1. For segment 77-106, which residues satisfy the criterion of being among the hydroxyl-bearing types (Ser, Thr, Tyr), closer than 14 Å to Asp213 by Cβ and within 16 Å of the ligand (Cβ to nearest atom)?
2. Quick one: which of Gly201, Gly219, Gly189 is within 11 Å of the ligand (Cβ to nearest atom) and over 24 Å from Ala358 (Cα atoms)?
3. Among what's in segment 40-65 and is among the hydrophobic types (A, V, I, L, M, F, W, C) and either buried (at least 22 other Cβ atoms within 10 Å of the Cβ) or not assigned by TED's automatic domain parsing to the domain that holds Ile265 (or both), pick the residue that is farthest from Gly264 (Cα to Cα).
4. Hey, among the residues in segment 107-146 that are within 16 Å of the ligand (Cβ to nearest atom) and of a type in the set (Asp, Glu), which one's surrounded by the most Cβ atoms within 10 Å (Cβ to Cβ)?
5. Among the helices (runs of 4 or more DSSP H) lying completely within segment 86-180, list those that include at least 1 residues that are in contact (Cβ under 8 Å) with a residue 60 or more places away in the chain, more than 28 Å from Tyr223 (Cα to Cα) and in the same structural domain as Gly267 (by TED's automatic domain parsing).
6. Select from segment 222-244 the residues that are part of a loop (DSSP other than H, G, I, E, B), in contact (Cβ under 8 Å) with a residue 12 or more places away in the chain and away from the ligand (no atom under 14 Å from the Cβ) and list them in ascending order.
7. Mind telling me which of the residues Thr194, Thr174, Thr209 ends up being within 30 Å of Pro263 (Cβ to Cβ) and at pLDDT 95 or above?
Amino acid sequence: MSTAAVELLESTPVHTGVQLPIYMDNHATTALDPRVLEAMLPYMTKIYGNSASRNHQFGWEAEQGVDKAREQIAKLIGATSKEIIFTSGATESNNLAIKGVAEMYREKGNHIITQVTEHKATLDACKRLEKNGYNVTYLPVQADGLVSVDDVAKAITDRTILVSIMYANNEIGTVNPIQAIGKLCHEKGVLFHTDAVQAVGKIPVNVLTDNIDMLSLSGHKVYGPKGVGALYVRRRNPRVQLSAQIDGGGHERGMRSGTLNVPGIVGLGEACELAMNEMESEAKRLSGLRDYMKDKFLNALDYTYVNGNMDHHLPNNLNISFVYVEGESLLMGINDIAVSSGSACTSATLEPSYVLKALGLGDDVAHSSIRFGLGRFNTREEVDYVSDKLIDTVLKLRELSPLYEMVKEGIDLEKVEWTAH
Ligand SMILES: *Cc1c(COP(=O)(O)O)cnc(C)c1O
(Lines give C-alpha, C1' and ligand atoms only; values in the text may rest on other atoms or scores of the structure.)
Protein backbone atom coordinates (compact mmCIF):
# COMPACT_ATOMS: atom_id res chain seq x y z
CA MET A 1 0.00 0.00 0.00
CA SER A 2 1.29 3.51 -0.83
CA THR A 3 2.13 6.00 1.93
CA ALA A 4 -0.64 8.22 0.60
CA ALA A 5 -3.10 5.43 1.22
CA VAL A 6 -1.80 4.89 4.74
CA GLU A 7 -2.13 8.59 5.55
CA LEU A 8 -5.64 8.76 4.18
CA LEU A 9 -6.75 5.73 6.13
CA GLU A 10 -5.28 7.06 9.35
CA SER A 11 -7.42 10.17 9.00
CA THR A 12 -10.60 8.09 9.39
CA PRO A 13 -12.80 9.73 12.06
CA VAL A 14 -12.98 8.00 15.43
CA HIS A 15 -16.44 6.86 16.55
CA THR A 16 -17.31 6.52 20.18
CA GLY A 17 -19.96 4.41 21.84
CA VAL A 18 -18.99 1.00 20.55
CA GLN A 19 -16.37 -1.27 21.94
CA LEU A 20 -13.57 -2.09 19.53
CA PRO A 21 -12.65 -4.36 17.88
CA ILE A 22 -16.07 -5.38 16.60
CA TYR A 23 -16.69 -9.06 15.86
CA MET A 24 -18.66 -9.59 12.66
CA ASP A 25 -17.24 -12.92 11.52
CA ASN A 26 -19.94 -15.25 12.82
CA HIS A 27 -19.60 -17.75 9.96
CA ALA A 28 -16.08 -18.54 11.14
CA THR A 29 -17.14 -19.10 14.72
CA THR A 30 -19.56 -17.70 17.29
CA ALA A 31 -19.09 -16.64 20.90
CA LEU A 32 -20.24 -19.12 23.51
CA ASP A 33 -23.63 -18.01 24.81
CA PRO A 34 -23.33 -17.47 28.60
CA ARG A 35 -26.45 -19.61 29.08
CA VAL A 36 -24.68 -22.46 27.31
CA LEU A 37 -21.66 -22.11 29.56
CA GLU A 38 -23.98 -22.21 32.56
CA ALA A 39 -25.40 -25.54 31.41
CA MET A 40 -21.92 -26.97 30.79
CA LEU A 41 -20.18 -26.01 34.01
CA PRO A 42 -21.58 -28.75 36.31
CA TYR A 43 -20.39 -31.36 33.82
CA MET A 44 -16.83 -30.08 34.09
CA THR A 45 -16.61 -30.29 37.87
CA LYS A 46 -19.32 -32.27 39.68
CA ILE A 47 -20.72 -34.58 37.01
CA TYR A 48 -17.47 -35.85 35.61
CA GLY A 49 -18.36 -39.49 35.03
CA ASN A 50 -17.75 -41.37 31.81
CA SER A 51 -21.12 -41.64 30.11
CA ALA A 52 -20.19 -45.19 29.07
CA SER A 53 -19.80 -46.31 32.70
CA ARG A 54 -22.94 -48.38 33.18
CA ASN A 55 -22.48 -49.60 36.73
CA HIS A 56 -22.44 -46.46 38.90
CA GLN A 57 -24.09 -43.13 39.60
CA PHE A 58 -21.29 -41.02 38.06
CA GLY A 59 -21.73 -42.72 34.72
CA TRP A 60 -25.55 -42.60 34.83
CA GLU A 61 -25.61 -38.84 35.53
CA ALA A 62 -23.22 -38.12 32.69
CA GLU A 63 -25.32 -40.32 30.42
CA GLN A 64 -28.46 -38.42 31.41
CA GLY A 65 -26.79 -35.18 30.32
CA VAL A 66 -25.83 -36.73 26.99
CA ASP A 67 -29.33 -38.16 26.48
CA LYS A 68 -30.94 -34.79 27.10
CA ALA A 69 -28.58 -33.18 24.58
CA ARG A 70 -29.44 -35.83 22.00
CA GLU A 71 -33.12 -34.95 22.43
CA GLN A 72 -32.48 -31.21 22.16
CA ILE A 73 -30.44 -31.60 18.96
CA ALA A 74 -32.83 -34.10 17.40
CA LYS A 75 -35.80 -31.84 18.10
CA LEU A 76 -34.19 -28.87 16.33
CA ILE A 77 -33.76 -30.82 13.07
CA GLY A 78 -36.83 -33.10 13.18
CA ALA A 79 -34.87 -36.27 13.97
CA THR A 80 -35.07 -38.85 16.76
CA SER A 81 -32.41 -38.95 19.45
CA LYS A 82 -31.11 -42.37 18.35
CA GLU A 83 -30.17 -40.84 15.00
CA ILE A 84 -27.66 -38.38 16.51
CA ILE A 85 -23.98 -39.43 16.43
CA PHE A 86 -21.60 -37.17 18.35
CA THR A 87 -18.31 -36.13 16.76
CA SER A 88 -15.52 -33.61 17.33
CA GLY A 89 -17.10 -31.14 14.92
CA ALA A 90 -18.46 -30.80 11.42
CA THR A 91 -15.13 -31.55 9.77
CA GLU A 92 -15.30 -35.00 11.32
CA SER A 93 -19.04 -35.32 10.60
CA ASN A 94 -18.49 -34.61 6.91
CA ASN A 95 -15.59 -37.06 6.78
CA LEU A 96 -17.61 -39.76 8.54
CA ALA A 97 -20.63 -39.30 6.28
CA ILE A 98 -18.72 -39.26 3.00
CA LYS A 99 -16.00 -41.83 3.69
CA GLY A 100 -18.35 -43.95 5.79
CA VAL A 101 -20.88 -44.25 2.94
CA ALA A 102 -18.16 -44.74 0.33
CA GLU A 103 -16.66 -47.65 2.22
CA MET A 104 -19.98 -49.25 3.22
CA TYR A 105 -21.61 -49.06 -0.22
CA ARG A 106 -18.51 -49.86 -2.34
CA GLU A 107 -20.17 -52.94 -3.83
CA LYS A 108 -23.12 -50.85 -5.00
CA GLY A 109 -21.05 -48.21 -6.74
CA ASN A 110 -18.14 -45.80 -6.60
CA HIS A 111 -19.63 -42.50 -7.79
CA ILE A 112 -20.19 -39.46 -5.57
CA ILE A 113 -21.69 -36.09 -6.48
CA THR A 114 -20.87 -32.82 -4.73
CA GLN A 115 -20.43 -29.16 -5.75
CA VAL A 116 -17.42 -26.87 -6.17
CA THR A 117 -18.44 -24.42 -3.43
CA GLU A 118 -18.50 -26.95 -0.56
CA HIS A 119 -16.42 -26.47 2.58
CA LYS A 120 -12.91 -27.92 2.39
CA ALA A 121 -13.92 -30.67 4.82
CA THR A 122 -16.20 -32.06 2.09
CA LEU A 123 -13.95 -31.32 -0.90
CA ASP A 124 -10.85 -32.80 0.70
CA ALA A 125 -12.68 -35.93 1.86
CA CYS A 126 -13.84 -36.39 -1.76
CA LYS A 127 -10.32 -35.82 -3.07
CA ARG A 128 -9.05 -38.54 -0.75
CA LEU A 129 -11.68 -40.92 -2.11
CA GLU A 130 -10.64 -40.10 -5.68
CA LYS A 131 -7.13 -41.28 -4.80
CA ASN A 132 -8.70 -44.53 -3.61
CA GLY A 133 -10.51 -45.29 -6.84
CA TYR A 134 -13.81 -43.44 -6.44
CA ASN A 135 -15.22 -41.07 -9.08
CA VAL A 136 -16.39 -37.69 -7.88
CA THR A 137 -18.46 -35.19 -9.86
CA TYR A 138 -17.95 -31.60 -8.69
CA LEU A 139 -20.99 -29.73 -9.95
CA PRO A 140 -20.60 -26.05 -10.88
CA VAL A 141 -22.92 -23.46 -9.36
CA GLN A 142 -24.94 -20.77 -11.10
CA ALA A 143 -23.85 -17.11 -11.00
CA ASP A 144 -26.02 -16.63 -7.90
CA GLY A 145 -24.20 -19.44 -6.09
CA LEU A 146 -27.03 -21.98 -6.11
CA VAL A 147 -26.61 -25.48 -7.46
CA SER A 148 -29.17 -26.55 -10.08
CA VAL A 149 -31.39 -29.53 -9.20
CA ASP A 150 -31.36 -30.40 -12.89
CA ASP A 151 -27.57 -30.65 -12.84
CA VAL A 152 -27.76 -33.02 -9.88
CA ALA A 153 -30.35 -35.13 -11.71
CA LYS A 154 -28.22 -35.32 -14.85
CA ALA A 155 -25.13 -36.31 -12.88
CA ILE A 156 -26.73 -39.32 -11.17
CA THR A 157 -25.79 -42.68 -12.72
CA ASP A 158 -26.45 -46.26 -11.66
CA ARG A 159 -23.00 -46.16 -10.00
CA THR A 160 -23.91 -43.17 -7.78
CA ILE A 161 -24.01 -43.95 -4.07
CA LEU A 162 -23.98 -40.48 -2.50
CA VAL A 163 -24.91 -36.87 -3.15
CA SER A 164 -23.34 -34.34 -0.75
CA ILE A 165 -24.61 -30.78 -1.17
CA MET A 166 -24.34 -28.15 1.58
CA TYR A 167 -27.48 -26.59 3.00
CA ALA A 168 -26.13 -23.03 3.16
CA ASN A 169 -22.82 -21.64 2.03
CA ASN A 170 -20.43 -20.24 4.62
CA GLU A 171 -19.07 -17.45 2.40
CA ILE A 172 -21.97 -16.14 0.37
CA GLY A 173 -24.88 -17.30 2.55
CA THR A 174 -26.85 -18.93 -0.28
CA VAL A 175 -29.41 -21.57 0.70
CA ASN A 176 -29.56 -24.48 -1.75
CA PRO A 177 -32.80 -26.20 -2.93
CA ILE A 178 -32.24 -28.97 -0.40
CA GLN A 179 -35.78 -30.35 -0.29
CA ALA A 180 -35.84 -30.87 -4.07
CA ILE A 181 -32.38 -32.45 -4.12
CA GLY A 182 -33.35 -34.78 -1.27
CA LYS A 183 -36.55 -35.79 -3.06
CA LEU A 184 -34.61 -36.52 -6.23
CA CYS A 185 -32.07 -38.63 -4.34
CA HIS A 186 -34.80 -40.63 -2.65
CA GLU A 187 -36.53 -41.27 -5.98
CA LYS A 188 -33.25 -42.51 -7.44
CA GLY A 189 -32.26 -44.56 -4.39
CA VAL A 190 -29.13 -42.49 -3.75
CA LEU A 191 -28.12 -41.40 -0.23
CA PHE A 192 -28.16 -37.66 0.48
CA HIS A 193 -25.79 -35.92 2.89
CA THR A 194 -25.88 -32.20 3.65
CA ASP A 195 -23.37 -30.03 5.48
CA ALA A 196 -25.89 -27.90 7.38
CA VAL A 197 -23.42 -26.15 9.70
CA GLN A 198 -24.46 -22.65 8.63
CA ALA A 199 -28.17 -23.42 8.37
CA VAL A 200 -28.95 -25.27 11.61
CA GLY A 201 -30.25 -22.85 14.22
CA LYS A 202 -30.43 -20.00 11.70
CA ILE A 203 -33.24 -21.18 9.40
CA PRO A 204 -35.76 -24.03 9.76
CA VAL A 205 -34.17 -27.38 8.92
CA ASN A 206 -36.12 -30.65 9.03
CA VAL A 207 -34.53 -33.92 7.97
CA LEU A 208 -37.93 -35.50 7.24
CA THR A 209 -39.54 -32.84 5.06
CA ASP A 210 -36.15 -32.04 3.50
CA ASN A 211 -35.52 -35.73 2.65
CA ILE A 212 -32.07 -35.73 4.26
CA ASP A 213 -30.27 -38.99 5.09
CA MET A 214 -27.21 -37.53 6.82
CA LEU A 215 -26.65 -34.03 8.19
CA SER A 216 -23.55 -32.40 9.69
CA LEU A 217 -23.72 -29.71 12.36
CA SER A 218 -21.20 -28.03 14.65
CA GLY A 219 -21.34 -26.56 18.17
CA HIS A 220 -19.22 -23.48 17.70
CA LYS A 221 -21.30 -22.15 14.80
CA VAL A 222 -24.45 -22.00 16.96
CA TYR A 223 -23.09 -20.24 20.09
CA GLY A 224 -22.00 -23.56 21.57
CA PRO A 225 -18.51 -24.83 22.38
CA LYS A 226 -15.73 -25.66 19.92
CA GLY A 227 -14.61 -29.22 19.34
CA VAL A 228 -18.03 -30.84 19.38
CA GLY A 229 -20.46 -31.59 16.59
CA ALA A 230 -22.91 -34.19 15.41
CA LEU A 231 -23.89 -36.24 12.43
CA TYR A 232 -27.54 -37.13 11.93
CA VAL A 233 -27.79 -40.63 10.45
CA ARG A 234 -31.24 -41.74 9.28
CA ARG A 235 -32.54 -44.99 10.84
CA ARG A 236 -35.51 -45.75 8.61
CA ASN A 237 -36.68 -45.17 5.01
CA PRO A 238 -33.84 -45.79 4.30
CA ARG A 239 -31.71 -47.08 7.17
CA VAL A 240 -28.24 -45.63 6.53
CA GLN A 241 -25.20 -47.67 7.41
CA LEU A 242 -21.75 -46.17 7.80
CA SER A 243 -18.30 -47.68 8.02
CA ALA A 244 -16.70 -46.30 11.19
CA GLN A 245 -13.66 -44.15 10.54
CA ILE A 246 -12.40 -44.32 14.13
CA ASP A 247 -12.19 -47.79 15.70
CA GLY A 248 -12.34 -48.80 19.35
CA GLY A 249 -14.98 -49.21 22.05
CA GLY A 250 -17.98 -49.16 19.72
CA HIS A 251 -19.57 -45.97 21.04
CA GLU A 252 -22.31 -44.18 19.12
CA ARG A 253 -23.93 -47.29 17.65
CA GLY A 254 -20.51 -48.44 16.49
CA MET A 255 -20.13 -45.54 14.11
CA ARG A 256 -17.79 -43.37 16.17
CA SER A 257 -15.73 -44.73 19.01
CA GLY A 258 -14.20 -42.61 21.75
CA THR A 259 -15.25 -41.39 25.20
CA LEU A 260 -17.90 -38.73 24.75
CA ASN A 261 -17.07 -35.07 25.40
CA VAL A 262 -19.86 -34.78 27.96
CA PRO A 263 -19.64 -31.04 28.81
CA GLY A 264 -19.26 -30.18 25.12
CA ILE A 265 -22.25 -32.32 24.19
CA VAL A 266 -24.37 -30.79 26.97
CA GLY A 267 -23.38 -27.36 25.61
CA LEU A 268 -24.28 -28.31 22.05
CA GLY A 269 -27.67 -29.53 23.27
CA GLU A 270 -28.37 -26.34 25.18
CA ALA A 271 -27.25 -24.24 22.19
CA CYS A 272 -29.71 -26.13 19.98
CA GLU A 273 -32.58 -25.61 22.42
CA LEU A 274 -31.86 -21.88 22.59
CA ALA A 275 -31.68 -21.72 18.80
CA MET A 276 -34.98 -23.57 18.56
CA ASN A 277 -36.70 -21.05 20.85
CA GLU A 278 -35.07 -17.92 19.48
CA MET A 279 -34.45 -18.66 15.81
CA GLU A 280 -37.48 -16.86 14.48
CA SER A 281 -36.98 -13.58 16.34
CA GLU A 282 -33.23 -13.69 15.88
CA ALA A 283 -33.51 -14.24 12.13
CA LYS A 284 -35.88 -11.30 11.91
CA ARG A 285 -33.56 -9.02 13.86
CA LEU A 286 -30.39 -10.05 12.00
CA SER A 287 -31.88 -9.93 8.51
CA GLY A 288 -33.22 -6.48 9.38
CA LEU A 289 -29.75 -5.30 10.39
CA ARG A 290 -28.24 -7.00 7.36
CA ASP A 291 -30.62 -5.33 4.91
CA TYR A 292 -30.08 -2.00 6.62
CA MET A 293 -26.32 -2.40 6.16
CA LYS A 294 -26.71 -3.54 2.56
CA ASP A 295 -28.87 -0.52 1.70
CA LYS A 296 -26.35 1.82 3.32
CA PHE A 297 -23.57 0.41 1.15
CA LEU A 298 -25.60 0.46 -2.06
CA ASN A 299 -26.86 4.00 -1.45
CA ALA A 300 -23.44 5.43 -0.62
CA LEU A 301 -21.23 3.62 -3.12
CA ASP A 302 -21.30 2.85 -6.84
CA TYR A 303 -19.63 -0.25 -8.32
CA THR A 304 -20.69 -2.20 -5.25
CA TYR A 305 -22.33 -5.58 -5.76
CA VAL A 306 -24.05 -8.13 -3.55
CA ASN A 307 -22.88 -11.72 -4.03
CA GLY A 308 -25.19 -14.71 -3.75
CA ASN A 309 -28.96 -14.72 -4.06
CA MET A 310 -30.84 -12.58 -1.56
CA ASP A 311 -34.07 -14.54 -2.13
CA HIS A 312 -32.42 -17.75 -0.94
CA HIS A 313 -30.17 -16.46 1.78
CA LEU A 314 -29.13 -16.86 5.39
CA PRO A 315 -30.49 -14.03 7.56
CA ASN A 316 -27.06 -13.20 9.00
CA ASN A 317 -24.92 -13.12 5.86
CA LEU A 318 -23.88 -10.28 3.58
CA ASN A 319 -21.13 -10.70 1.00
CA ILE A 320 -20.27 -7.60 -1.00
CA SER A 321 -17.73 -6.75 -3.70
CA PHE A 322 -16.40 -3.21 -3.46
CA VAL A 323 -14.98 -2.98 -6.95
CA TYR A 324 -11.96 -0.75 -7.71
CA VAL A 325 -10.46 -0.97 -4.26
CA GLU A 326 -7.54 -3.19 -3.48
CA GLY A 327 -8.58 -5.93 -1.07
CA GLU A 328 -5.52 -5.73 1.15
CA SER A 329 -5.78 -1.97 1.60
CA LEU A 330 -9.47 -2.28 2.36
CA LEU A 331 -8.80 -4.79 5.15
CA MET A 332 -6.05 -2.58 6.59
CA GLY A 333 -8.43 0.35 6.56
CA ILE A 334 -10.95 -1.53 8.68
CA ASN A 335 -8.57 -3.32 11.02
CA ASP A 336 -10.73 -2.69 14.09
CA ILE A 337 -13.49 -4.80 12.52
CA ALA A 338 -13.33 -8.60 12.33
CA VAL A 339 -14.73 -9.70 8.98
CA SER A 340 -13.50 -12.08 6.28
CA SER A 341 -12.23 -11.09 2.87
CA GLY A 342 -12.55 -12.79 -0.48
CA SER A 343 -8.95 -13.87 -0.19
CA ALA A 344 -7.65 -17.06 1.30
CA CYS A 345 -4.17 -17.33 2.68
CA THR A 346 -2.52 -20.31 1.03
CA SER A 347 1.18 -20.48 1.91
CA ALA A 348 2.74 -17.08 1.23
CA THR A 349 0.34 -15.79 -1.40
CA LEU A 350 -3.20 -14.48 -1.21
CA GLU A 351 -5.46 -16.57 -3.40
CA PRO A 352 -8.91 -15.36 -4.39
CA SER A 353 -11.70 -17.35 -2.71
CA TYR A 354 -12.64 -20.45 -4.73
CA VAL A 355 -16.28 -19.87 -3.85
CA LEU A 356 -16.34 -16.37 -5.35
CA LYS A 357 -14.39 -17.60 -8.39
CA ALA A 358 -17.04 -20.30 -8.88
CA LEU A 359 -19.62 -17.50 -9.27
CA GLY A 360 -17.54 -16.15 -12.14
CA LEU A 361 -15.97 -13.23 -10.29
CA GLY A 362 -12.54 -12.10 -11.51
CA ASP A 363 -9.56 -12.28 -9.15
CA ASP A 364 -9.55 -8.53 -8.44
CA VAL A 365 -13.26 -8.43 -7.66
CA ALA A 366 -12.96 -11.50 -5.43
CA HIS A 367 -10.10 -9.88 -3.51
CA SER A 368 -12.17 -6.72 -3.01
CA SER A 369 -15.06 -8.67 -1.48
CA ILE A 370 -16.01 -8.72 2.19
CA ARG A 371 -18.09 -11.26 4.10
CA PHE A 372 -20.09 -9.79 6.96
CA GLY A 373 -21.32 -12.44 9.37
CA LEU A 374 -23.81 -10.97 11.82
CA GLY A 375 -24.49 -12.74 15.09
CA ARG A 376 -26.56 -12.87 18.26
CA PHE A 377 -24.42 -10.30 20.04
CA ASN A 378 -24.11 -7.64 17.32
CA THR A 379 -25.92 -4.37 17.93
CA ARG A 380 -27.39 -1.68 15.72
CA GLU A 381 -24.61 0.68 16.88
CA GLU A 382 -21.98 -1.79 15.72
CA VAL A 383 -23.66 -2.14 12.35
CA ASP A 384 -23.60 1.65 11.99
CA TYR A 385 -19.95 1.83 12.94
CA VAL A 386 -19.01 -0.94 10.52
CA SER A 387 -20.95 0.41 7.56
CA ASP A 388 -19.77 4.01 8.09
CA LYS A 389 -16.17 2.89 8.41
CA LEU A 390 -16.41 0.69 5.34
CA ILE A 391 -17.98 3.43 3.23
CA ASP A 392 -15.41 5.97 4.39
CA THR A 393 -12.52 3.62 3.62
CA VAL A 394 -13.80 2.65 0.18
CA LEU A 395 -14.33 6.31 -0.78
CA LYS A 396 -10.81 7.19 0.31
CA LEU A 397 -9.17 4.28 -1.44
CA ARG A 398 -11.04 5.03 -4.63
CA GLU A 399 -9.76 8.60 -4.56
CA LEU A 400 -6.35 7.02 -5.05
CA SER A 401 -7.42 4.49 -7.63
CA PRO A 402 -6.45 5.32 -11.22
CA LEU A 403 -8.80 2.58 -12.43
CA TYR A 404 -11.77 4.08 -10.62
CA GLU A 405 -10.91 7.52 -12.04
CA MET A 406 -10.81 6.14 -15.58
CA VAL A 407 -14.15 4.40 -15.14
CA LYS A 408 -15.70 7.61 -13.82
CA GLU A 409 -14.38 9.44 -16.88
CA GLY A 410 -16.21 6.93 -19.05
CA ILE A 411 -13.19 5.06 -20.33
CA ASP A 412 -13.98 1.44 -21.16
CA LEU A 413 -11.34 -0.52 -19.28
CA GLU A 414 -11.83 -3.52 -21.55
CA LYS A 415 -10.63 -1.45 -24.50
CA VAL A 416 -7.60 0.11 -22.82
CA GLU A 417 -4.30 -1.09 -24.20
CA TRP A 418 -2.05 -1.36 -21.19
CA THR A 419 1.62 -0.59 -21.66
CA ALA A 420 4.08 -2.61 -19.71
CA HIS A 421 6.38 -0.78 -17.36
C1 LIG B 1 -17.20 -24.28 10.06
C2 LIG B 1 -17.70 -25.17 8.99
C3 LIG B 1 -17.32 -26.51 8.93
C4 LIG B 1 -16.31 -27.11 9.88
O5 LIG B 1 -16.85 -27.26 11.15
P6 LIG B 1 -15.89 -27.57 12.40
O7 LIG B 1 -16.84 -27.93 13.49
O8 LIG B 1 -15.15 -26.32 12.66
O9 LIG B 1 -14.99 -28.70 12.01
C10 LIG B 1 -17.86 -27.30 7.93
N11 LIG B 1 -18.73 -26.79 7.04
C12 LIG B 1 -19.12 -25.51 7.06
C13 LIG B 1 -20.11 -25.02 6.05
C14 LIG B 1 -18.62 -24.66 8.04
O15 LIG B 1 -19.01 -23.38 8.04
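1. Passing the criteria: only Ser93.
2. Working: Gly201 fails: within 11 Å of the ligand (Cβ to nearest atom); Gly189 fails: within 11 Å of the ligand (Cβ to nearest atom).
Answer to the check: Gly219.
3. Pass one, segment 40-65, residues among the hydrophobic types (A, V, I, L, M, F, W, C): 40-41, 44, 47, 52, 58, 60, 62.
From what's left, either buried (at least 22 other Cβ atoms within 10 Å of the Cβ) or not assigned by TED's automatic domain parsing to the domain that holds Ile265 (or both): 40, 62.
Details: Met40: 7, Ala62: 12 Å.
Result: Ala62.
4. This residue is Glu118.
5. Working: elements: 90-104, 120-131, 149-155.
Here the list reads 90-104.
6. Narrowing segment 222-244 to residues part of a loop (DSSP other than H, G, I, E, B): 222-228, 234-244.
Filter again for in contact (Cβ under 8 Å) with a residue 12 or more places away in the chain, leaving 222-228, 234-235, 238, 240-244.
Within segment 222-244, Arg234, Arg235, Pro238, Val240, Gln241, Leu242, Ser243, Ala244 meet the criteria.
7. Working: Thr174 fails: within 30 Å of Pro263 (Cβ to Cβ); Thr209 fails: within 30 Å of Pro263 (Cβ to Cβ).
Of the residues listed, the single one that is within 30 Å of Pro263 (Cβ to Cβ) and at pLDDT 95 or above is Thr194.
The values are calculated or read from the model by the stated rules, or taken from the named source; none is laboratory data. Just so you know, these numbers come straight off a predicted model, no measurement behind them. Heads up, the Cβs are rebuilt from the backbone with ideal geometry, glycines too, and the neighbour counts pull from every protein chain shown.
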